[in-house]
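K.L.:
Pasting in a structure now, in structure tokens, and then I'll have a few things to ask.
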Amino acid sequence: MSDDRHHVYDDIVEHDNKLPLWWQITLYGAILFGLVYWFGRRMEAIQSPAQAYSAEVAAQRAADAERARARGTIDDAMLATLSKDPALVARGKETFVTTCAPCHRPDGGGNIGPNLTDAYWLHGAKPTDLYRDVSEGIVAKGMPTWGPMLGDVKVQEVVAYVMVIENTNVAGGKAPQGELAVK
Amino acid sequence: MTALITADSSLPSGAIASATETRRIVYNDWISRWFVWASLVFGVVGMLVGVVVALQLAFWQANVPPLLTFGRLRPLHTNAAIFAFVGNMMFAGIYYSTQRLVKARLASDLLSKIHFWGWQLIIVAAAVTLPLGYTTGKEYAELEWPIDIAITLIWVVFAINFFWTLARRVEKHLYVAIWFYIATIITVAVLHIVNSFEIPVSGLKSYSIYGGAQDALVQWWYGHNAVAFFLTTPILGIMYYYLPKAAGRPVYSYRLSVIHFWSLIFVYIWAGPHHLLNTALPDWAQTLGMVFSVALWAPSWGGMLNGLLTLKGAWSQVRTDPILKFFAAAVTFYGMSTFEGPLLSIKPVNGLAHYTDWIIGHVHAGTLGWNGLMAAGMFYWMVPRLYGRELHSKKLADAHFWLATFGILLYVVAMWVSGITQGLMWRAVDETGALKYPNFVETVNAIRPMYWMRFTGGLMYLVGVLMMAYNLVATARAGKAVDGEARVVVPKVEPVESTWIEVLFGKPVLLITVVAVIAATMAVVNNEASIVFAGMAVTAAVLGTIAISLATQNAQVQWHRLLEGRALIFTVFVAIAVLAGGIAELIPTLLITPAQVNASAESKPYRPLELEGRDVYIREGCYTCHSQMIRTFTFEAKRYGEPSTMGESVYDHPFQWGSKRTGPDLAREGSKYPNLWHWRHMIDPRSVSAGSIMPPFPGLVTDTVDASRTADKMRALRSVGVPYAAAEIQGAAADEAEQGKAIVDNLRADGVPDANPQSELVALIAYLQHLGVHPSPAPGGAAVSLAK
């Protein structure tokens, strides 16, 4: 029992083999990594998640601005033109059915949200009003802000689709709300 | 130098025998038998509930509201699997091996009985209260305050029984298994007590005394280390006894044991914040969590190496002996998940994996693979010895092994695929910067086949456990209970090996103390240096222990060997090692004041009805599927809104940041949808969200909130720092009625004629509409779209 290399407990013999080198490298390497990482943060060579986020936001804002410039201003005439493009409207319908249907019904007849197939509007009837409502949402009424989620292109497509179904008065739609739009 | 031990009657030569006496010990093995059966019974129950909740995710119709929904059963599954199955298994294994390793019968039969029955009562209490919705809302610590107190008392009974046995030991030096048991007992006590500080409101309702980010950090310091000190260290101790016993092979390396033990228990404690990466937690704490998790890799693998290398030369036995198969596979799974853990703790990797099923897969590789297979190996080895008969069927045990292993692989692969798929879908953006999958449900539908695969894997595993239960029961019935015996030779006069001063002020202690003091001073003088402090301290600790192991080269007895002869000093050192990380992380975080995080501008205490709604949210376990923490990623900001801040959850007792997104994040759910949407969604989620897998909660329409208790709740919250004015508390009932009426009026205008303003659903809507809405200048501006 005096030999420390051969401890015995309840017949279990305990050897004292050397530590594997690769294991030691892993052990000290990980500690070294921790210190290097810490110094990297202090020197600002490594960003914190919040810093990385800010940088990414700035880059995306710039990209958005660039895209907006390329696209030109959104106005009623431009959206009206889009609504004449059947392929684009079809894509808008696809987004509408997956994203807007839970509240406005798949055919736009309204459910939790208002009927979009009549001629009455709560927040303005102009195409740019629709664009604003989809993009920014109507927070007080529980209409979500879809712009960041869908992106500008899909918002335009959805608006084009809604312009197409306006005043088609689908069967069983929700009663009109808001003001009658005279067009 | 110490007592001579022989397990049989072959006594050593006469010269020694004259100075010694021979003592016969009968071990207390009935306590291990009891714990084995309790573990099996609750293991089957816990895993059955696991299979049920897995089914509920694949097939939402399997939810049976109000009692048997995912949100209420999931805590039952985790508590049963961890504290009932592994807990009882651990007690069986610790009691059996400790007596034999220290050559002393368990100190007290009475304490053993109290320990056993107390623990089973706690489990039964958990099994009753959790489905009934009594929960603190903190993961793996859901049990309410009276049960928390009971756990503390029973744990103390366990500790007394264990340390008292150590005090009566004949074998002077403590074997590595005992070190791990000591670390388990000390640390679990600390974790449980600190995390469970809560302010009672009534017999089965309390609020955490910590709020927001502070509660998050305390909770994950606890949660992570529950994994470490309930599921890892005791099982490592068990491995160190049962694996070499079953293999009949020597343990590979003592010095590896020394180094990986101390580095493991010291480093583990710091790693908790890796559960909160990329959140509103301060970056220094996140960084600590990450670097210490990476540093945990080698200490964990030290245990794996000592296990696998002990099997070196026994691999032919592994092919034929099911027990060794279980141990070899368990240790391999341990190695796999302790490699995966550090990987998942790297901030960008965590960005992909967090909130997804990858984490669920990771946890189950550990629990099913490491804990479950270790338990099986131990039971198959132990039960024949406890009943004096060969195992009923080796073939059946073999079949169990293969079933379990394939079950785990199915489970884990399903979760990897599911987690990575969903993680990638959440972050996918198209060339215009828009989310590719703006509908959360799309990302759920994509992984539903994986939920079936996971269910299948889990079911296979459960069948394996049932086979084991049958096999063990058959073994026990064919044999009869036997208690182990040993004859030990005890010196009449205990030779003095060292003085306590030599041990307490040994060179390694002095070295570590000096470095730790320097590091701590740096951290206090310049608190940005806290990471340096951490890094230095860990390096010091590890280098110190390395130095100890090198001292083995000398002819003289090395310091650590002396320490092993001193149970009390050993325990004190363990306590210091595990407290260091907790103190360094928790104290600075708990000192953060609401003013420092701009609380008044970013959040507002809940109005009475919102508070009641929040309690419904907690009761239903919504946090098991919904996070309230938007991380610092642009793809999250696009989906959920600006990243969450510390100030926004400062009044949340307990915090509800969550850890899993089976459904979307709710941190900014307030005013996103109209009240009517929520009303319908709770009654029938699929009516507004086609393809949703959320359980329906129709009972909330008729169940009502008891407004008479709200004031008590507000008083309790005020005592832990939520700034409620006395007038607000007095007017609680009136305010509840007012806010309820406003929501009901709004619902009526939208076509729900008969909503009850006192219903739990209206309260829940009030709560949800509050989330993420910053206080407006107008009083009472809880931003609910009340007026049409």
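The values are calculated or read from the model by the stated rules, or taken from the named source; none is laboratory data. Source: prediction; values computed, not measured. Cβ atoms come from the backbone with ideal geometry, glycine included; neighbour counts cover every protein chain shown. Side chains are part of the model used for accessible areas, which takes the heavy atoms of the whole protein and leaves out ligands, DNA and RNA. Shrake-Rupley method; radii C 1.70, N 1.55, O 1.52, S 1.80 Å.
K.L.:
Here are some residues: B:137, B:93. Which one is open to solvent by less than 20 Å² (accessible area, probe 1.4 Å), more than 14 Å from every other protein chain (Cβ to nearest Cβ) and not acidic (Asp, Glu)?
P.N.:
Step by step, each of B:137, B:93 is checked, and only B:137 is open to solvent by less than 20 Å² (accessible area, probe 1.4 Å), more than 14 Å from every other protein chain (Cβ to nearest Cβ) and not acidic (Asp, Glu).
K.L.:
Just to be sure, is residue B:668 closer than 12 Å to residue B:628 by Cα and either of a type in the set (Phe, Trp, Tyr) or within 13 Å of chain A (Cβ to nearest Cβ) (or both)?
P.N.:
The answer is yes for residue B:668.
K.L.:
I'd like to verify a number: residues in the stretch B:710-722 that are open to solvent by 70 Å² or more (accessible area, probe 1.4 Å) and more than 9 Å from residue B:201 (Cα to Cα), how many?
P.N.:
Adding up the residues that qualify gives 2.
K.L.:
In addition: Just give me the residues in the stretch B:355-388 being farther than 22 Å from residue B:463 by Cβ and open to solvent by 10 Å² or more (accessible area, probe 1.4 Å), in sequence order.
P.N.:
The answer is B:358, B:359, B:362, B:384, B:385, B:387, B:388.
K.L.:
Sticking with this structure for a sec: Go through (1) within 14 Å of chain A (Cβ to nearest Cβ); (2) in a loop (DSSP other than H, G, I, E, B) and name the single condition residue B:662 misses.
P.N.:
(1)
K.L.:
Quick one: in the stretch B:623-649, which of the residues that are assigned to a helix (DSSP H, G or I) and aromatic (Phe, Trp, Tyr) is surrounded by the fewest Cβ atoms within 10 Å (Cβ to Cβ)?
P.N.:
The extreme case among them is B:635.
K.L.:
Sticking with this structure for a sec: Take the stretch A:50-74 and flag every residue that is open to solvent by 70 Å² or more (accessible area, probe 1.4 Å) and closer than 17 Å to residue A:160 by Cα.
P.N.:
Residues satisfying the conditions are A:71, A:73.
K.L.:
If the requirement is being open to solvent by less than 90 Å² (accessible area, probe 1.4 Å), at pLDDT below 90 and farther than 30 Å from residue A:125 by Cα, which of these qualifies: A:31, A:12?
P.N.:
Testing whether each residue is open to solvent by less than 90 Å² (accessible area, probe 1.4 Å), at pLDDT below 90 and farther than 30 Å from residue A:125 by Cα leaves just A:31.
K.L.:
Among the numbered criteria (1) out of contact with any Phe, Trp or Tyr (no Cβ under 8 Å at 6 or more places or on another chain); (2) more than 14 Å from chain A (Cβ to nearest Cβ); (3) surrounded by fewer than 24 Cβ atoms within 10 Å (Cβ to Cβ); (4) of a type in the set (Ser, Thr, Tyr), which one does residue B:207 miss?
P.N.:
It is condition (3) that residue B:207 fails.
K.L.:
Of B:188, B:194, B:201, B:157, which residue is outside any loop (DSSP other than H, G, I, E, B), touching a Lys or Arg at 6+ places or on another chain (Cβ under 7 Å) and either open to solvent by 10 Å² or more (accessible area, probe 1.4 Å) or not assigned by TED's automatic domain parsing to the domain that holds residue B:258 (or both)?
P.N.:
Among B:188, B:194, B:201, B:157, only B:201 is outside any loop (DSSP other than H, G, I, E, B), touching a Lys or Arg at 6+ places or on another chain (Cβ under 7 Å) and either open to solvent by 10 Å² or more (accessible area, probe 1.4 Å) or not assigned by TED's automatic domain parsing to the domain that holds residue B:258 (or both).
K.L.:
Going through the stretch B:577-596 one residue at a time, which ones are under 30 Å from residue B:258 (Cβ atoms) and either modelled with pLDDT of 90 or more or open to solvent by less than 60 Å² (accessible area, probe 1.4 Å) (or both)?
P.N.:
B:577, B:578, B:579, B:580, B:581, B:582, B:584, B:585, B:586
K.L.:
Which condition does residue B:337 not pass, out of (1) in contact (Cβ under 8 Å) with a residue 60 or more places away in the chain; (2) touching a Phe, Trp or Tyr at 6+ places or on another chain (Cβ under 8 Å); (3) more than 11 Å from chain A (Cβ to nearest Cβ); (4) under 20 Å from residue B:376 (Cα atoms), if it passes all the others?
P.N.:
With (1) in contact (Cβ under 8 Å) with a residue 60 or more places away in the chain; (2) touching a Phe, Trp or Tyr at 6+ places or on another chain (Cβ under 8 Å); (3) more than 11 Å from chain A (Cβ to nearest Cβ); (4) under 20 Å from residue B:376 (Cα atoms) applied to residue B:337, the lone miss is (1).
K.L.:
Collect the residues in the stretch B:398-418 that are under 14 Å from residue B:337 (Cβ atoms) and touching a residue at least 60 places away in the same chain (Cβ under 8 Å), keeping them in residue-number order.
P.N.:
Scanning the stretch B:398-418 gives a single hit, B:408.
K.L.:
Which one is nearest to the chain's Cα centre (by Cα), of the residues in the stretch B:723-755 that are under 13 Å from residue B:705 (Cβ atoms) and open to solvent by 50 Å² or more (accessible area, probe 1.4 Å)?
P.N.:
Out of the qualifying residues, it is B:733.
K.L.:
Just checking, does the stretch A:124-139 include any residue being among the small types (Gly, Ala, Ser) and over 25 Å from residue B:639 (Cβ atoms)?
P.N.:
yes
K.L.:
Closer than 30 Å to residue B:178 by Cβ, facing chain B (nearest Cβ under 10 Å), of a type in the set (A, V, I, L, M) and part of a loop (DSSP other than H, G, I, E, B) - does that describe any residue in the stretch A:5-13?
P.N.:
no
K.L.:
Got a number for residues in the stretch B:589-622 being assigned to a helix (DSSP H, G or I) and farther than 25 Å from residue B:143 by Cβ? Lay out the reasoning, then the answer.
P.N.:
Residues of the stretch B:589-622 assigned to a helix (DSSP H, G or I): B:589-590, B:595-597, B:599-602, B:608-619, B:622.
Filter once more, keeping what is farther than 25 Å from residue B:143 by Cβ: B:595-597, B:599-602, B:608-610.
Within the stretch B:589-622, residues that are assigned to a helix (DSSP H, G or I) and farther than 25 Å from residue B:143 by Cβ number 10.
K.L.:
Taking into account only those residues within the stretch A:25-65 that are under 30 Å from residue A:151 (Cβ atoms) and assigned to a loop (DSSP other than H, G, I, E, B), which is nearest to the other protein chains (Cβ to nearest Cβ)?
P.N.:
A:48
For (1) open to solvent by 20 Å² or more (accessible area, probe 1.4 Å); (2) of a type in the set (Phe, Trp, Tyr); (3) modelled with pLDDT of 95 or more; (4) not assigned by TED's automatic domain parsing to the domain that holds residue B:458, each residue gets a yes or a no:
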residue: B:13; (1), (2), (3), (4): yes, no, no, no
residue: B:18; (1), (2), (3), (4): yes, no, no, no
residue: B:27; (1), (2), (3), (4): no, yes, yes, no
residue: B:30; (1), (2), (3), (4): yes, yes, yes, no
residue: B:34; (1), (2), (3), (4): yes, yes, yes, no
residue: B:50; (1), (2), (3), (4): no, no, yes, no
residue: B:61; (1), (2), (3), (4): yes, no, yes, no
residue: B:74; (1), (2), (3), (4): yes, no, yes, no
residue: B:86; (1), (2), (3), (4): no, no, yes, no
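K.L.:
Return yes when residue B:191 is out of contact with any strand residue (DSSP E or B) (no Cβ under 6 Å at 6 or more places or on another chain), in contact (Cβ under 8 Å) with a residue 24 or more places away in the chain and within 30 Å of residue B:594 (Cα to Cα) and no when it is not.
P.N.:
In short, yes.
K.L.:
Would you pick out the residues in the stretch B:696-708 that are surrounded by 16 or more Cβ atoms within 10 Å (Cβ to Cβ) and either assigned to a helix (DSSP H, G or I) or outside the structural domain of residue B:761 (by TED's automatic domain parsing) (or both)?
P.N.:
Hits for the stretch B:696-708 are B:699, B:700, B:701, B:707.
K.L.:
Okay, next question. Evaluate the following for residue A:80: is it assigned to a loop (DSSP other than H, G, I, E, B), loosely packed, with under 14 Cβ neighbours inside 10 Å, of a type in the set (A, V, I, L, M, F, W, C) and more than 11 Å from chain B (Cβ to nearest Cβ)? Write out each step before concluding.
P.N.:
Numbers: assigned to a loop (DSSP other than H, G, I, E, B): no; loosely packed, with under 14 Cβ neighbours inside 10 Å: yes; of a type in the set (A, V, I, L, M, F, W, C): yes; more than 11 Å from chain B (Cβ to nearest Cβ): yes.
No, not satisfied.
K.L.:
Follow-up question, since we're still on this one. Quick check on my filter: what residues within the stretch B:476-508 are assigned to a loop (DSSP other than H, G, I, E, B), modelled with pLDDT of 85 or more and among the aliphatic types (A, V, I, L, M)?
P.N.:
Across the stretch B:476-508, the qualifying residues are B:481, B:482.
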